[in-house]
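Accompanying notes for the structure given below.
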């Protein structure tokens with residue numbers, strides 16, 4: 001790769017939409033050249049017998065449950081809205097139960113709101 005000169009530096013500054021003062025140009029040129037030289041050094045490293053790294057993403061799987069529309073009753077039982085089957089709630093599912101109850105309260109609040117538009121609650125203008 002060609003050496004970075006002031007013309008290339010100015011072009012990079014335009015692309016980045018930054019202003020570079022003349023007093024900083026020499027330092028930036030030196031720093032950028034050191035970065036380029038480091039990449040040249042890395043390019044020469046033998047990686048023939050190095051196994052590719054995936055960051056563990058190859059073994060990932062979805063740990064979340066499918067979303068099911070539920071109705072929660074006062075006795076902490078849930079009813080699947082599609083199948084209308086009753087579902088008993090374990091202690092570990094208590095948190096899910098609490099979240100469902102909050103969502104039902106939120107839905108009731110939204111339904112009682114005077115105006116709604118595109119899923120948002122409409123309020124009178126704050127600024128005139």
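The values are calculated or read from the model by the stated rules, or taken from the named source; none is laboratory data. Everything numeric in this text was worked out from a predicted model, so none of it was measured. Here Cβ is always computed from backbone atoms with ideal geometry, including for glycine, and neighbour counts include all displayed protein chains.
Kindly evaluate residue 8 against the criterion of being more than 30 Å from residue 103 (Cβ to Cβ), assigned to a helix (DSSP H, G or I) and at pLDDT below 65.
Numbers: more than 30 Å from residue 103 (Cβ to Cβ): yes; assigned to a helix (DSSP H, G or I): yes; at pLDDT below 65: no.
No; evaluated as a whole, the condition is false for this residue.
Please count how many residues of the range 12-34 are within 32 Å of the chain's Cα centre (by Cα) and part of a helix (DSSP H, G or I).
Within the range 12-34, the first condition is being within 32 Å of the chain's Cα centre (by Cα), and the residues that meet it are 12-19, 32.
Applying the additional criterion that residues be part of a helix (DSSP H, G or I) yields 12-16, 32.
Looking only at that region, the number is 6.
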